[in-house]
Amino acid sequence: MAPTRREFLKIAGVSAIGLVLPTLPGGQISNLSPHITRSAQAGMPASGGVSPTVSGPLPALRAKRWAMAVDAGKCPPGCRDCITACHLAHNVPDFGNPKDDVHWIGLERVDHVFSAETHPRLPESIKGLSVPVFCNHCENPPCVRVCPTQATFQRADGIVMMDYHRCIGCRFCMAACPYGSRSMNYRDPRPFVPKQNPDFPTRTKGVVEKCNFCEERLARGIFPACVTVCKEKALVFGDLEDQGSDVRRLLDGRFSIRRRPELGTGPQVYYLL
Amino acid sequence: MKLYDGGKIIAGIAVFLIVASVPFWYGRGKAVPPPDLKLDTPAIERLKEKLCVEPAPYMRANHMKLLGAWRESVVREGNRSYRAADGKVYKISLTGTCLECHSNKDQFCDRCHDYAGAKPNCWSCHIIPEEVR
């Protein structure tokens, strides 16, 4: 006798379950060794220096609060040494047109960077100065707040880092950053990197990038590329919490301003004009 | 229960099963040779003990998890050293440490990845030092 509709459906259902079951990943739980700790929490503090450092000939530089001071008066007109050095070190692409521009350090006129602090009667020697502009590594970074994947996060030493692996290219951070410090790779950047540095990765299409205060160099015990390359010593870098640091001594001795402090972001790049 | 157009349906199912199973019986009896991985790079030849950071069976099964853990460790925790199970400390670096020994990426990484049909996207950002030099 032929099966009834009810029996047929029962058999079909059991068969379907039987087909699906063997392919389910049952019991194959990762047998990762216990010594690999995997705490991928955003903004985890940089480990406190107890682990032996084998990352380079010099011990890693650590700080409570990294900061940069720009002694703008020392910048020779038209000098782009810091930008060239940074962009070579970090494989920053040069697309050759302002629409696609990707930059880690920019060069801007003082009256553009500090539109609220300057006025038309200032001498051209001050107004027309070109100053390098960086990611400000804000105390209260708006880009970190808006990032939906925690691809950008703040380290315990103040550096606002990008995890390019996690960036999905939504550009919320670019909208949130009041300083235009972030650039989007609208095209595959690799062919546009003038000279590839194998010690640092490139980015891919659809990934946002920005200055990282040379985090990878600090880990090797050397100061940022822009600071070491500057012949005029116009860029001063160091730990703000360390009273003896160069940047602290400079800020203690002279008047300095920050970009758009009224926004409450707490920028950590200080300008001495 | 009555099956209308039974002949056509059963013939159709038979044709479908034959077509869907073509890859299985077409390749039956033929074994694709396992990849021939080269471990004869100058850096490996120079090693006294030819050992990876962890034992080879562990690396074979778990190198992708180890690399994932290394990535999180460096990027998010700023920790660039790895203590192996045997207590040795290594610098965490894909292009610096891994490719230092396995400098023949196309004869080591790629051969096995091609065999296994794995498509890791490490190299869309990380630069292969051999290709730049």
Notebook entry, point to check: With θ set to phi - 60° and the Karplus curve 6.51 cos²θ - 1.76 cosθ + 1.60, what are the ³J(HN,Hα) couplings of segment B:115-123 in order, to the nearest whole Hz, using x for Gly and Pro?
Noted result: 4, 8, x, 8, 10, x, 9, 4, 7
Notebook entry, point to check: With r defined as the distance between the Cβ atoms of B:Ile10 and B:Lys30 and R0 fixed at 35 Å, what FRET efficiency is calculated, to the nearest 0.05?
Noted result: 0.65
Check: Hey, which of these cross-link pairs are over 24 Å Cα-Cα: B:Lys65/B:Lys88; A:Lys10/B:Lys2; A:Lys210/B:Lys119?
Finding: A:Lys210/B:Lys119
Next item on the list: Please list the helices of chain A that count as membrane-span-like by this rule: a mean Kyte-Doolittle hydropathy of at least -1.0 together with Cα atoms stretching 20 Å or more along the helix axis, each helix being a complete DSSP H run.
Entry: A:5-20
Notebook entry, point to check: If you take the C-alpha gyration tensor of segment B:6-61, multiply each eigenvalue by 5 and take the square root, what semi-axes do you get, largest first, in whole Å?
Noted result: 51, 13, 7
Check: Which translational diffusion coefficient, to the nearest whole µm²/s, is obtained for the protein assembly as shown from the Stokes-Einstein equation, given a Kirkwood hydrodynamic radius over C-alpha pairs, 25 °C and 0.890 mPa s?
Finding: 97 µm²/s
Next item on the list: Show which lysines lie in cross-link reach of A:Lys74 when reach means a straight Cα distance below 18 angstrom and same-chain residues fewer than eight apart are skipped.
Entry: A:Lys127, A:Lys231, A:Lys233
Next item on the list: Over the alpha-carbon set of segment B:35-132, divide Rg by the Kirkwood Rh and report the Rg/Rh ratio to two decimals.
Entry: 0.93
Next item on the list: Please list the non-local residues whose amide H lies under 5 Å from the amide H of A:Glu108, H modeled 1.01 Å from N, same-chain partners needing a gap of 5 or more.
Entry: A:Val131, A:Val133
Notebook entry, point to check: Once the convex hull of the C-alpha atoms of segment A:66-272 is built, how many Å³ does it hold per residue, rounded to a whole number?
Noted result: 128 Å³
Next item on the list: Please tell me the relative contact order of chain B in percent, rounded to the nearest whole number, where contacts are Cα pairs under 8 Å and at least six residues apart.
Entry: 27 percent
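Every number here is computed from the coordinates shown, using simple stated rules; none is lab data. None of these values were measured; they are calculated from a predicted model. Note that we place each Cβ from the backbone using ideal geometry, even for glycine, and neighbour counts take in every protein chain shown.
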